[in-house]
């Protein structure tokens, strides 16, 4: 059974091609040629053919995967919200940690403990925050 391609599917394939161009996998001529084919595609098989030799093209191998890929605008918005929320939280956390560091230095003077504890705490918490954010963004 052939799955007909709609405008949304063609636009999704076009954005994939543009991403591969930005990542250096396609030349300008290849991009133009493939974009023309993708925008004229009538079914999923034609879209898969345009993307077949590019990394990640296996996602388009079956119609269910193609339908799942079409849900990406909602997922992209969710991921953007997670990323923005994480960045805002990280910024406030970093400023609070800097204020605590300055307060410790003002109260106790410079010490090896302060110079070791605060950077280690900042690096560790930043790493945990961003890896946790990445895990949440990768969830279906």
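Coordinate-derived values only; no laboratory data. Quick caveat, the model's predicted, so the values are computed rather than measured. Methodologically, a virtual Cβ is constructed for each residue, glycine included, from the backbone with ideal geometry; neighbour enumeration extends over all protein chains shown.
Each part gets one Cα centre, and for segment 68-121 versus segment 1-49 those centres are 39 Å apart. Extending 7 Å from the Cα toward the beta-carbon at both residue 136 and residue 15 defines two label points whose distance is 2.2 nm.
Find the relative contact order for the chain and round it to a whole percent, using C-alpha pairs within less than 8 Å whose residues are 6+ positions apart.
21
Using the Cβ-Cβ distance between residue 116 and residue 92 with R0 set to 25 Å, the FRET efficiency from 1/(1 + (r/R0)^6) comes to roughly 0.60. Label zone of residue 83 (point 7 Å out along Cα→Cβ, amide N under 19 Å): in segment 12-28 this covers 12-24.
Stretching the chain fully between residue 7 and residue 125 yields a gain of 38.1 nm (0.36 nm per residue, less the alpha carbon separation). The long axis of helix 28-40 is offset from the longest Cα principal axis of the chain by roughly 60 degrees.
For the chain, the longest principal axis of the Cα atoms and the long axis of helix 7-22 meet at an angle of about 60 degrees. Can you match P(r) over Cα pairs in 5 Å bins from 0, in percent to one of these, (1) 2, 9, 14, 14, 11, 10, 8, 7, 6, 6, 5, 4, 3, 1, 0; (2) 2, 10, 20, 23, 22, 15, 7, 2, 0, 0; (3) 2, 10, 19, 20, 16, 12, 9, 6, 3, 2, 1, 0, 0, based on a calculation from the structure here? Only one listed value fits the structure, namely (1).
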